[in-house]
Amino acid sequence: MATLLRSKLSNVATSVSNKSQAKMSGMFARMGFQAATDEEAVGFAHCDDLDMEHRQGLQMDILKSDGGEEGAEPPLEGDIHYQRDGTGPLPPSASKEGGVCSELSGQGKPKITAWEAGWNVTNAIQGMFVLGLPYAILHGGYLGLFLIIFAAVVCCYTGKILIACLYEENEDGEIVRVRDSYVDIANACCAPRFPTLGGRIVNVAQIIELVMTCILYVVVSGNLMYNSFPNLPVSQKSWSIIATAVLLPCAFLKNLKAVSKFSLLCTLAHFVINILVIAYCLSRARDWAWDKVKFYIDVKKFPISIGIIVFSYTSQIFLPSLEGNMQNPKEFHCMMNWTHIAACILKGLFALVAYLTWADETKEVITDNLPSTIRAVVNIFLVAKALLSYPLPFFAAVEVLERSLFQDGNRAFFPNCYGGDGRLKSWGLTLRCALVVFTLLMAIYVPHFALLMGLTGSLTGAGLCFLLPSLFHLKLLWRKLLWHHVFFDVAIFVIGGICSVSGFIHSLEGLIEAFRTNAED
């Protein structure tokens, strides 16, 4: 009897505590200080391979009253609290076997050092898409080199101000972290009138960038294989179909543990390939065409080059999670400085020496300019890297889509694509396969690496790296900003907007023309 009484009193106390927390959370939500819901917290950082081994960010869950207590009031809609110790009920999606959330832990895993964080950022901004930078120099000359430096400076600055938006000053005058993701920042800027609008905009931008990245991997795979074996009676479209057939098992992925093991190997292989290309270019230094590097630009094609350069620097979307997992977050600024300085130097040298070697014959993917004796070997390694890299953005895009459309509680647009046992339903698997096929169709009808890369960089790259960070910084911290910070933010927003619109229009025109040409063929 005494045990039953203690249990009853404990349940009542828990219910009262939950009600109190729910009301307090609701009050802060109405004041505009609400964090993102579970659906909106699923950013690219939660699914990206670059910090797959280290991330452990704060888990968030909707407050729930004790179900066994009769008359207990349900929590206020949208009220949430942080599960910092990893205890408490997890959302349904987190209990799925092998799901991404099941891989995340609370504070049990060790934090990462500044060097490890820098390695993650380097992976993001030194990927295989730097192979398109010499093509940007072809249409931009010395101005293209300047933009490589300018983009590094701006992306480094916007990464820092994005992290600054995660913090606010409490009542004691201490700077504390009150947000945990890019989506949280976007929601805070739109609250209290539109508390979820910002998160949805960021999620849409994420999905577009992730899907376009998948398409680029298919395009580059078909392009490299076609140019590696030109004598075979296999077209570039056929190579893309073969690559997609290899990628189709991605639809069955439950987690990225197996795939993430290849991440380090792929990165090292890519650095080796870059060194081989630079070594070949240096061997032909006597024939470098310095006179071909001009100060004037190709007005029609240079805006596309802007998108290519911007896309090669995109990393902002996962920086909040990365900074939150660092042992010493104060080292974040220093880490951003040396990673972007190194990226700027390496990208500038790579793009310049490659263009000097082939000049006007520079192709969209620079390895296609290599002699046939070594081109096939280098391209096969690149294709393997592309195919192994494809599951990462694909799985991230699937996670965002599933949580946004199928697992958002009462606000979901469609029924849950997972059964009660956590297994993927047949129609959910069909949708995944359809996404793989969609990337194939885009790669077949628009097999232009530079155009697709320029379009993505101009649309989502400029938005996530230039426009939104500067806008959010002004919105959240404008009262505490110095005049030169305000000037920089406004200048970046204006210049980024002009470059984004210009690059998007020219890239879209090129894609439409290419699509018409392929349709006629």
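Observations on the structure shown:
- Here each label is just a point 7 Å from Cα along the line to Cβ, and for Ala342 and Ile380 those points are 3.1 nm apart.
- J(HN,Hα) series, region 452-461, from Karplus relation 6.51 cos²θ - 1.76 cosθ + 1.60, nearest Hz, glycine and proline x: 5, 5, x, 5, 5, x, 6, 8, 8, x
- Annotation: region 427-469 has a Kirkwood hydrodynamic radius of 12.1 angstrom, from the mean reciprocal C-alpha pair distance.
- Surface per residue (accessible, 1.4 Å probe) for region 261-346, Å²: 52
- Share of carbon and sulfur in the accessible heavy-atom surface of region 125-263 [1.4 Å probe, %]: 66
- Note, ³J(HN,Hα) from phi for region 300-309, Karplus 6.51, -1.76, 1.60, rounded to Hz, x at Gly and Pro: 6, 9, 5, x, 5, 4, 4, x, 4, 5
- Under 5 Å, built H, 5+ apart or other chain: amide partners of Tyr167: Val178
- Average projection area in nm² (convex hull over Cα atoms of region 139-181, one quarter of hull surface): 3.9
- Integer Hz, Karplus 6.51/-1.76/1.60 couplings in order for region 336-351, x for Gly and Pro: 5, 4, 6, 5, 6, 5, 4, 5, 4, 5, 5, 5, x, 5, 4, 5
- The stretch between Lys292 and His333 holds 11.0 nm of extra length on full extension. This uses 0.36 nm per residue minus the Cα-Cα distance.
The values are calculated or read from the model by the stated rules, or taken from the named source; none is laboratory data. Everything numeric here is computed off the predicted structure, so don't read it as measured data. Positions of Cβ are backbone-derived with ideal geometry, glycine not excepted, and every protein chain shown enters the neighbour counts. Note: accessible area is taken over every heavy atom of the protein model, side chains too, but ligands, DNA and RNA are not part of it. Shrake-Rupley method; radii C 1.70, N 1.55, O 1.52, S 1.80 Å.
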